[in-house]
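Please read the structure below before turning to the comments.
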Amino acid sequence: SRGAEGAAAPPVFTWLSDGTKDSESFTAAARDQFQEELVIRPLHSGDIYASFQFRTLWDTDFLQERQKVSHYRLFPKSLGQVLSKFSVRELHISFTQGFWRTMQWGQPFIPSPPGAELWVWFHDTVSDVDGNWKELTNVLSGIFCASLNFIDLTNTVQPSASFKPLGLGNATDHRFLRYATLPREIVCTENLTPWKKLLPCGSKAGLSVLLKSEKLFHSSFHSQAVHIRPVCQDEQCTSKAWELRQTLNVVFDLYTSGQGKKEWSLFKMFSRTLTEACPLATSSKVYVDITDNPEVKLKQQTVVLGDRRTYSVFDLTRAEMFGQLRSLNLLLRDMLRPLLHAERYVAGFGLQTGEIHTVIYNNHPYRAFPVLLMDSVPWYLQLYIHTLTVTSKSRDNKPSYIHYQPAKDRHRPHLLEMLIQLPPHSMTEVTVQFERALLKWTEYTPDPNHGFYVGSSVVSALVPSMVAMNTNFTQDQPLFSSFVPVKEESSYFVRVYTEPLLVNLPTPDFSMPYNVICLTCTVVAVGYGSFYNLLTRTFQVDEPSLPLAKRLANLIRRIRGVPLLA
Amino acid sequence: MLLKRTLFCVFEKQRGRYAALAIAAVVIVVGIPLWWKTTETYRAWLPFSEISELDSLQLQLSVDIEVVFSRGTLTPEQQKKFPLSHVNEKEHQVDAKTGLRYKYETRYRTATIMEEDALNQPTAAEADLSLHMLSESSCGSVVVYVIPETAALLPEDVKVYVGQRRTALLRSPPFKSSWSLKEVLSNLDVEVEQVVSTMSFSHQDIVAALSDRVRMAKVTKESMADSMRAIKSSPGYEITFSLLNPDPRSHSLHWDIEGAVQSCIQPLLNKLAPIANFSVDSQILYYAVLGVNPRFDNSVSAYTLSADSLSHVINPVEARLGSNAASSNPVLNFLLYVPDSHHSPLFIRDHSKREVPSNAFHSPRWGGIMVYNVNEMYGPEAERPVDININMAKVMGVFLAQLRLMLGVQHTHPPTGFVLQSPGSAGLADWELDRLLWSRSVENIATASTTITSLAQLLDQIGNIVINDNIAQQVSSAVTSLQSAVAELEAGNLAFALQYSREAILASERAFFDPSLLHLLYFPDDQKFAIYIPLFLPMCVPIVLSLLKIVSEAKKRRADKQAKSD
């Protein structure tokens, strides 16, 4: 039990003067900053897409050799300790419930596959990357209350080209990269609570007030992510800073739940309204996409993902803003068709073989562009790589780069990476045949007849842009447009995740071992019994009895009084 | 013919009997050992006999005491017999299985010329320092300098001065020059004993340290409170300072925790380095509130927290603190709570309804909380948020006092006439460290020996547990380390004893918590037999039946023979 008792200060420690360190403490405090942002975009399908981004920037170095970072202000201590303990250079983790429908909704600001995805670049001083990775996944699973501890070597790959560091530094040695997905992971409140805890204002003030789990999980799509990377402190890039971006994307189906009315309000979506900005945030803004409703005031134009959109900006740090965000009526025009789109399915019949089809669409009317396709397939689907075909416009399309790492049973998955040139306005189909393996009986999941998940394929591409992209970093950009740095004006980076696959594997009858034991034992017992009988029975020579015919004959003879037969 | 048939019959019966016996013999000689061998769990050899020796622990603690007589305390006649040594032993039987023996080896000599010079310094502190420069006394030993009754080194009413190191100055009681040396020494003995029990271990401390083995019946309430308050011995500790700011809207708090830790906490931790590894970090938590609503007291126009409600304060805050993701060592939390402007000032009241002067309290084995009121630092019209610099000297003084309590640096209550030199910048005097080392070594030995004996008992009782070589090795190394720790204590090498006892505790915990112990622990017997029965039942029934038959026949034959002979 906890008692309580006053503790008196010993008089010894009064030499520390009060004022000497003041100037230092102020400069130290200014070294980290926090920004928050919410983008609301009505989607073509009538759904509302809300995207939160919280960004903490701290100019410190977690990977310093001599001095440990141990005093935290805005940056969460638990993540900071993880970064320095495991020498992590870049960490991206996402938890997603639902599937992002690219054809209906367009491109998300930050894409993520269904389930959990984790990819980490370790610092190149790490000697035992696999050991660090294993321990890191265990620690992260504790921090986020997720089953990331199920990530092991059998579902971890090292992509050679698809996942480049998004932050500073040009790491090319993919030995320090680890990528894993858990397509089966179910995301719920218990993952949201620790995620909210990482925010300096928690869920007490600012935009995070809106994050109420009963509304967030009553939606068509929910994705929350944490991205940590080193970035430039300023445009000259004289000093390095660590950036923590916490993003939360949610798509509300207000059209069907709102009796067919195309209108929305914050209260309808989140059952809360905004009352103040987080006092710790240097900027706190709400962007509302009004490209289709040009009559609203307070505009700012931004080019994001190859599309020029108009946003109405509400700055929450200014008090006069409150009371302006009311229910808005929507008017939607045809949206820009996503230029890149991909889907995937399993074909074939029976439980022995099958075929994975990945279909990639290039909707650009006249430009061809290359895409990087990455597939990580578990070892229990044995890929026949000689059956790999890539066809576009019913013609063979030879990938210019193939990186294939075959699986090892129970040790590592298949990794297939290809660079494919997509012709303009085309559909490219990638097929590969596989055979389903028989697992050991302890390797099956508790509900094996549900099937086994295969994580999404990842299509990464620099898509040619219809409008000029903004490559100028000096301007104060909204957070949602600045996650992936744009290097040239004519194209932008897009990552598209396909659906995860659900594959049935041949599933045995699980009472089999006991049946086999019983059957074997019975056979052994029967054999043994006869053998035992044969050995231990006492045999006696019996008087052979007369055959039935003779006995009948004797009976008749007795009646007749004739001598009997022997 | 008939005879032949009877003979055959008898022979056949005999053969059957032999066959049954042979099969039974094969089952017993080959079958059962084979089954036993193939289903046996692997159990490596453990040093059970040595462990059972450790079960009854006889600890001997040896202290080297040096009593140095300065000029003017003894007559030349009395000095003649120097140097002289004397061994004093005390035995305590703590309980049936635990015994303690204290061995005080006292050596008497006269002061060297250099020591005389040192003792001629104007103040006791300076004398202490110069004596320390002359010779480094070994860890755990005590040096007592006897100075003349009239010496000006100590103030009038001071009998004993205990320095920052391992030396004490003792004002000699009045000796008669006619006394023999023996009488002088016996006169001095009481005083020296008092000094030693202050500067070295006391029986109470040692018994309290044995609390893992011994029921706490004989221990006084105070040393029990001391040992309950102190955090358990562990190879490392995480010290976390958290600043709780429930109201970032009105207070912008700045604390120079880095500098404060460097100047206040680090010297103490450096001094404690032989005991454990410490790591210090800090964080700022916003919108973190206490679990209880303080009550407004009109009489002092302040909010108050009563001592009874303090136990409810910690739990809600603890959810925000977060655990250390990077290590599993116990965490000591120190929270600085700055009440929000609506609940200021806030004072803590003890059980007798008086305000606690430090405005802080601590929770045993968990940490401490200090309330820091800032309402007087700004006026009501000040612009929000108000920048506030926290006076770290005041805060750290309280936290340091609490840290000393948590680490088990006991309050010493010196007898009247004793003056203890304050520990200075290190925060801990050498002899205080020695006291801690004594009790920590004994505590480690007690804990490790209990762990090892209970592990051995457990493994002995449950035959299903697999003991692999790794565990056996850990157990043996724990046993050897324990034996060396006990031996080093006996020899008086305190530093080595602590080192070995730490190794013992590490190895024993590693063995005790090894996950491989759990593998077959829950392999229930009923299921095992359910699997065996289809084989065993059909095999054993005929064997048992035929054996019974053979036995009964043999009995009958013997009875027949007896009847015939009669």
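The values are calculated or read from the model by the stated rules, or taken from the named source; none is laboratory data. In this text the structure is predicted, and so the values were computed from the model without any measurement. Here the Cβ positions follow ideal geometry from the backbone for every residue, glycine too, while neighbour counts run over all protein chains shown.
List every residue pair whose Cβ atoms lie under 6 Å apart, where the two residues are 6 or more positions apart in sequence or sit on different chains, the first residue falls within segment B:309-334 and is without any contact (Cβ under 8 Å) to a residue 60 or more places away in the chain and surrounded by fewer than 19 Cβ atoms within 10 Å (Cβ to Cβ), and the second residue, located anywhere, is outside any helix (DSSP H, G or I) and among the charged types (D, E, K, R).
Matching pairs, first to second residue: B:Ser311/A:Arg2.
I'm told A:Val129 meets every condition in (1) away from every other protein chain (no Cβ under 14 Å); (2) in contact (Cβ under 8 Å) with a residue 60 or more places away in the chain except one. Can you identify the failing condition by its number?
Unmet for A:Val129, out of (1) away from every other protein chain (no Cβ under 14 Å); (2) in contact (Cβ under 8 Å) with a residue 60 or more places away in the chain: (2).
Within segment B:337-353, is there a residue that is surrounded by fewer than 18 Cβ atoms within 10 Å (Cβ to Cβ) and either of a type in the set (A, V, I, L, M) or not assigned by the TED database to the domain that holds B:Val280 (or both)?
No: zero hits.
Looking at (1) among the polar types (S, T, N, Q); (2) under 30 Å from A:Val458 (Cβ atoms); (3) not in a helix (DSSP H, G or I), which is the one condition that is false for A:Gln236?
The single condition A:Gln236 does not satisfy is (2).
Give the residues of segment A:275-293 that are closer than 15 Å to A:Glu37 by Cβ and surrounded by 16 or more Cβ atoms within 10 Å (Cβ to Cβ), sorted by residue number. Give the derivation first.
Filtering segment A:275-293 down to residues closer than 15 Å to A:Glu37 by Cβ leaves A:277-278, A:280-289.
Once the filter is applied, which keeps residues that are closer than 15 Å to A:Glu37 by Cβ and surrounded by 16 or more Cβ atoms within 10 Å (Cβ to Cβ), segment A:275-293 yields A:Ala277, A:Cys278, A:Leu280, A:Ala281, A:Ser283, A:Ser284, A:Lys285, A:Val286, A:Tyr287, A:Val288, A:Asp289.
Could you say whether any residue in segment B:285-307 is free of Cβ contacts under 8 Å to residues at least 24 places away in the same chain, among the aliphatic types (A, V, I, L, M) and in contact with a His (Cβ under 7 Å, 6 or more places away or on another chain)?
yes
Please tell me if B:Leu405 is under 22 Å from the mean Cα position of the chain (by Cα) and not in a loop (DSSP other than H, G, I, E, B).
yes
Only one of these is modelled with pLDDT of 80 or more and either in the same structural domain as A:Met466 (by the TED database) or exposed (fewer than 15 other Cβ atoms within 10 Å of the Cβ) (or both): A:Arg272, A:Arg318. Name it. Steps first, answer last, please.
Values: A:Arg318 fails: modelled with pLDDT of 80 or more.
Result: A:Arg272 is the single residue among A:Arg272, A:Arg318 that is modelled with pLDDT of 80 or more and either in the same structural domain as A:Met466 (by the TED database) or exposed (fewer than 15 other Cβ atoms within 10 Å of the Cβ) (or both).
Out of curiosity, is B:Tyr378 away from every other protein chain (no Cβ under 13 Å), of a type outside the set (Asp, Glu) and farther than 25 Å from A:Phe75 by Cα?
Values: away from every other protein chain (no Cβ under 13 Å): yes; of a type outside the set (Asp, Glu): yes; farther than 25 Å from A:Phe75 by Cα: yes.
It is true that B:Tyr378 is away from every other protein chain (no Cβ under 13 Å), of a type outside the set (Asp, Glu) and farther than 25 Å from A:Phe75 by Cα.
Quick check on segment B:290-304: of everything there that is crowded, with 17+ Cβ neighbours inside 10 Å and among the aliphatic types (A, V, I, L, M), which residue is modelled with the lowest pLDDT?
The first filter runs over segment B:290-304 and keeps only residues crowded, with 17+ Cβ neighbours inside 10 Å, leaving B:290, B:294, B:302-304.
The next check asks that each one be among the aliphatic types (A, V, I, L, M); those that pass are B:290, B:302.
On the way: B:Leu290: 81, B:Ala302: 85.
If we take residues in segment B:290-304 being crowded, with 17+ Cβ neighbours inside 10 Å and among the aliphatic types (A, V, I, L, M), then B:Leu290 is modelled with the lowest pLDDT.
Considering only segment A:387-410, how many residues are in contact with a Phe, Trp or Tyr (Cβ under 8 Å, 6 or more places away or on another chain) and either under 17 Å from A:Phe369 (Cα atoms) or in a strand (DSSP E or B) (or both)? It would help to see each step written out before you state the result.
Within segment A:387-410, the subset in contact with a Phe, Trp or Tyr (Cβ under 8 Å, 6 or more places away or on another chain) is A:407-410.
Those left that are additionally either under 17 Å from A:Phe369 (Cα atoms) or in a strand (DSSP E or B) (or both): A:408.
Adding up the residues that qualify gives 1.
State all residues of segment A:449-481 that are modelled with pLDDT under 85, among the hydroxyl-bearing types (Ser, Thr, Tyr) and over 15 Å from A:Pro108 (Cβ atoms); if no residue qualifies, say none.
The answer is A:Ser465, A:Thr471, A:Thr474.
Return the only residue of B:Met216, B:Met224, B:Met199 being more than 17 Å from the chain's Cα centre (by Cα), at pLDDT below 85 and of a type in the set (A, V, I, L, M, F, W, C).
Numbers: B:Met216 fails: more than 17 Å from the chain's Cα centre (by Cα); B:Met224 fails: more than 17 Å from the chain's Cα centre (by Cα).
Only one candidate qualifies: B:Met199.
Looking at B:Val395, B:Val386, which one is surrounded by 20 or more Cβ atoms within 10 Å (Cβ to Cβ) and more than 7 Å from every other protein chain (Cβ to nearest Cβ)? Walk me through it before giving the result.
Values: B:Val386 fails: surrounded by 20 or more Cβ atoms within 10 Å (Cβ to Cβ).
Exactly one of B:Val395, B:Val386 is surrounded by 20 or more Cβ atoms within 10 Å (Cβ to Cβ) and more than 7 Å from every other protein chain (Cβ to nearest Cβ), namely B:Val395.
Of all residues being under 24 Å from B:Thr447 (Cα atoms) and out of contact with any helix residue (DSSP H, G or I) (no Cβ under 8 Å at 6 or more places or on another chain) in segment B:234-266, which is farthest from the other protein chains (Cβ to nearest Cβ)? Just the residue, please.
Our first condition is that a residue be under 24 Å from B:Thr447 (Cα atoms); within segment B:234-266, this holds for B:234-239.
Checking which are out of contact with any helix residue (DSSP H, G or I) (no Cβ under 8 Å at 6 or more places or on another chain) leaves us with B:234, B:236-238.
Numbers: B:Ser234: 18, B:Gly236: 14, B:Tyr237: 14, B:Glu238: 10 Å.
Selected residue: B:Ser234.
Please state which one of A:Ser213, A:Ser203 is within 14 Å of chain B (Cβ to nearest Cβ), of a type in the set (Ser, Thr, Tyr) and free of Cβ contacts under 8 Å to residues at least 40 places away in the same chain. Show your work before the answer.
On the way: A:Ser213 fails: within 14 Å of chain B (Cβ to nearest Cβ).
On inspection, the qualifying residue turns out to be A:Ser203.
Given the options B:Ile32, B:Ile51, B:Ile23, name the one that is over 41 Å from the mean Cα position of the chain (by Cα) and away from chain A (no Cβ under 14 Å). Don't jump to the end; show me each part of the working.
Numbers: B:Ile51 fails: over 41 Å from the mean Cα position of the chain (by Cα); B:Ile23 fails: away from chain A (no Cβ under 14 Å).
When all the criteria are applied, what remains is B:Ile32.
Out of everything in segment A:232-252 that is over 16 Å from A:Asp61 (Cα atoms) and over 28 Å from the mean Cα position of the chain (by Cα), what residue ends up being surrounded by the fewest Cβ atoms within 10 Å (Cβ to Cβ)?
Of the residues in segment A:232-252, the ones over 16 Å from A:Asp61 (Cα atoms) are A:235-236, A:245-252.
Restricting the remaining residues to those that are over 28 Å from the mean Cα position of the chain (by Cα) gives A:235-236.
Details: A:Glu235: 10, A:Gln236: 8.
Result: A:Gln236.
Pairs only if they're at least six apart or on different chains, beta carbon under 9 angstrom, first in segment A:169-188 and basic (Lys, Arg), second surrounded by fewer than 18 Cβ atoms within 10 Å (Cβ to Cβ) and not in a loop (DSSP other than H, G, I, E, B); list them, first residue then second.
A:Arg178/A:Asp130; A:Arg184/A:Phe150
Give me the strands (runs of 3 or more DSSP E) completely within segment A:423-530, filtered to those with at least 3 residues that are of a type in the set (Ser, Thr, Tyr) and more than 30 Å from A:Leu38 (Cα to Cα), ordered by residue number. I'd like the intermediate steps shown before the answer.
Working: elements: A:426-436, A:452-454, A:458-464, A:491-497, A:501-503.
The qualifying strands (runs of 3 or more DSSP E) are A:426-436.
Evaluate segment B:370-392: report whether one residue or more is in a helix (DSSP H, G or I), aliphatic (A, V, I, L, M), modelled with pLDDT of 85 or more and in contact with a helix residue (DSSP H, G or I) (Cβ under 8 Å, 6 or more places away or on another chain). Steps first, please.
Here is the first cut: in segment B:370-392, the ones in a helix (DSSP H, G or I) are B:375-377, B:392.
Narrowing further to those that are aliphatic (A, V, I, L, M): B:377, B:392.
The next check asks that each one be modelled with pLDDT of 85 or more; those that pass are B:392.
Next, from what is left, pick out any that are in contact with a helix residue (DSSP H, G or I) (Cβ under 8 Å, 6 or more places away or on another chain): B:392.
Yes, there is a match, as at least one residue in segment B:370-392 is in a helix (DSSP H, G or I), aliphatic (A, V, I, L, M), modelled with pLDDT of 85 or more and in contact with a helix residue (DSSP H, G or I) (Cβ under 8 Å, 6 or more places away or on another chain).
Would a scan of segment B:508-529 turn up a residue that is of a type in the set (Phe, Trp, Tyr), over 19 Å from the mean Cα position of the chain (by Cα) and assigned to a helix (DSSP H, G or I)?
Looking only at segment B:508-529, we keep the residues that are of a type in the set (Phe, Trp, Tyr), and these are B:512-513, B:522-523, B:529.
From what is left, the residues that are over 19 Å from the mean Cα position of the chain (by Cα) are B:522-523, B:529.
Among the residues that remain, those that are also assigned to a helix (DSSP H, G or I) are: B:529.
Yes: segment B:508-529 contains one or more residues that are of a type in the set (Phe, Trp, Tyr), over 19 Å from the mean Cα position of the chain (by Cα) and assigned to a helix (DSSP H, G or I).
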